[in-house]
Amino acid sequence: MTQSETLPTPEEETPDTPLSSLSFYGAVASYIDQAATALHLEPHLRAILSEPANELIIHFPVKMSDGSVRLFKGYRVQHSNALGPFKGGIRFHESVTLDTCRAVAAIATIQCALMRLPFGGGAGGIKFDPKSVSDEDLQRISRRFFFSFGDNVGPESDVAHPDLGTSSRVMAWAMDTYANTIGNQLAEASRAVVTGKPVASGGIEGRERASGQGIVHVIRQWADQHGFDLEGATMATLGFGNVGSHTAMLLAKLGVSTIAVGDHSGFILNEEGLNPHKLCEHVARHGSVAGYPGGRAISQEEFFALKTDLFLPAALHHQIGLAEAAALRTRLIVEGAHGPLTAEAEALLQERGIDVIPDLLANAGGAVASYFEWAQNRRSESWPASVTEERLEKMMKQAFREVSQAARSRNLSLRVAAYTVGLGRLQAVYRERELFP
C-alpha cells in the first residue's frame, strides 16, 4: 500500500545548490543544515534528522454519493518521535505532495522541540479540493482516509490536527472512525488521537484562535524589543482563513489596522482599514475576499508594493519569491503559514534589513493549544479557557526570548536561531538516549 516518489534528497540538494532551485523540503533541510553547523551537530544526528523516519503513501477508493467510485491519494510523513508521538496537521488541498508533507513534518519536529512540547513532527493530507465535493462525500473521504492508516496512528504514536482545508468537523469524524476500530477497552483514550476537535467532542475553548493569538504574542514581543508602537500600525495579510482572520481581529484590539488582504480570488484594499470581523463573515458566506464591499480590488503587484508596518503571509508555502521580496515595503514579516518565503526571498529580505519572525516561532500557538487538548483528553480533564490562554502566552514569550538571545549570541537570523534552539534540545535527547540497539 506504500510506494516511493522520486524527489530530491538532501544529498542531491547540497549546500551548493542555488537557492532558487530548492524545493520546499530542500529549503527546510538547508535551514536544518545551517543550524546543525552552528551547533557543531554530530554527523550521525545530522543524517538522522535529514530524512523522515516514515513516509506513508496510500491510494484508497471511495464510493461517492452519486454511485461513482473515486481513487484518492493520501500521505502521512512521520519525521521524528525522539521527543514523543508524531504530531502534525492533516490538509485537504490540491497542493498536497510528498515534498510538502516532508517539509511541514520536519518543521513540526523542530517547532515542538523549540516550544518544549512532548511531540515529534508529522504531516499529511489528501491531494484534492474539499470544496468540490458534498458534505456527505467529504465525510466518506475523511473517514476512509483515516481508516487507511490503521495502527500507524494513535494517541501515543501519531496525533493529527486540522490544517489547510480541514476543520474541527473533520477531526470529529477522524476520532469517531478511530474509536470504532480499536475496541471498547480503549474507547476513552480515542479522544486524544486527534486535536482541534469540537468542544463537545473533547476539544478546548479557544483552539481556533490559538495560532492567531500566538502570532499576536510574538508581534508584541518584537514591538517591545524595537520600541515600536502598535497603536496606529498597518498590516497586509496574504490569506484570510483561520490564522489570517483571527490575527487581524486580535490585532485590531491593539490598534493595528489591516488595510489589505489577498487570497486565491484576488486582492482588496481599504487605506482607512478593513473591518476584519465583517470581512471574516463575508469569507464565511462567499468562500473568498472577492466582492467584499468594504474594500476595492487591486492587482497582485499593487498588493505586494503597499507600504505597511506588518506583513502576514498566512496561506500556502513559497508564495513569496524574489519578485515579491523585492517589492515588499514593510518593517516586519510574520509567518502565519509554513514556509511562505522561498530561500532566495528570505536572503533578499535579510539584505534589505526586513525582520522575519519565522513559522517555527510565529505559528506555534496552534501546536501549543494542540498539546493542551491532547493532555486534557489523556487525563480526562477540562481546563478553564483562562488557564490555557495564560499558559500559551507564557510559552510564546519564553520561546521568543530564547530565539532572540540565540540570534544575538550566535549572530544568526531569527529563523536559523529558532532552528538552533530546537535542534539543541533534540541533540540533548539523542546524546542521553543514544541509539538502539
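The values are calculated or read from the model by the stated rules, or taken from the named source; none is laboratory data. Owing to the predicted nature of the structure, the values given are computational and were not obtained by experimental measurement. Backbone-built Cβ (ideal geometry, glycine too); neighbour counts: all protein chains shown.
When the residues of the range 243-265 are filtered to those that are in a loop (DSSP other than H, G, I, E, B) and touching a residue at least 24 places away in the same chain (Cβ under 8 Å), which remaining residue is nearest to the chain's Cα centre (by Cα)?
Applying the first criterion (in a loop (DSSP other than H, G, I, E, B)) to the range 243-265 yields 253-256, 264-265.
Narrowing further to those that are touching a residue at least 24 places away in the same chain (Cβ under 8 Å): 254-256, 264-265.
Details: LEU254: 24, GLY255: 26, VAL256: 23, HIS264: 18, SER265: 22 Å.
This residue is HIS264.
Of all residues in the range 266-291 being more than 22 Å from the chain's Cα centre (by Cα) and farther than 23 Å from GLY232 by Cα, which is surrounded by the most Cβ atoms within 10 Å (Cβ to Cβ)?
Filtering first and then ranking leaves HIS282.
Show me the helices (runs of 4 or more DSSP H) entirely contained within the range 352-437 in which 2 or more residues are free of Cβ contacts under 8 Å to residues at least 60 places away in the same chain and hydroxyl-bearing (Ser, Thr, Tyr).
Answer list for the range 352-437: 385-410.
Would you check which residues across the range 296-315 are modelled with pLDDT under 95 and farther than 27 Å from LEU360 by Cα and list them?
None - no residue of the range 296-315 is modelled with pLDDT under 95 and farther than 27 Å from LEU360 by Cα, so the list stays empty.
Got at least one residue in the range 226-234 being closer than 26 Å to PHE119 by Cβ and touching a strand residue (DSSP E or B) at 6+ places or on another chain (Cβ under 9 Å)? Walk me through it before giving the result.
At the first step, the residues of the range 226-234 found to be closer than 26 Å to PHE119 by Cβ are none.
No, the conditions are met nowhere in the range 226-234.
If you go through the range 111-135, how many residues are within 21 Å of GLY154 (Cβ to Cβ) and of a type in the set (A, V, I, L, M)?
3
Can you list the helices (runs of 4 or more DSSP H) lying wholly within the range 129-242 that have 1 or more residues being within 27 Å of ARG70 (Cα to Cα)?
Because the criterion is at least 1 residues that are within 27 Å of ARG70 (Cα to Cα), the helices (runs of 4 or more DSSP H) in the range 129-242 that meet it are 135-148, 168-182.
Which is at pLDDT 95 or above and over 17 Å from ARG91 (Cβ atoms), of ILE141, ILE110?
ILE110
Take the residues in the range 189-208 that are touching a residue at least 60 places away in the same chain (Cβ under 8 Å) and of a type in the set (D, E, K, R); name whichever of them is nearest to TYR178 (Cα to Cα).
Per the stated criteria, the residue is ARG191.
If I go through the range 129-165 residue by residue, how many of them are of a type in the set (A, V, I, L, M, F, W, C), within 21 Å of the chain's Cα centre (by Cα) and surrounded by fewer than 19 Cβ atoms within 10 Å (Cβ to Cβ)?
0
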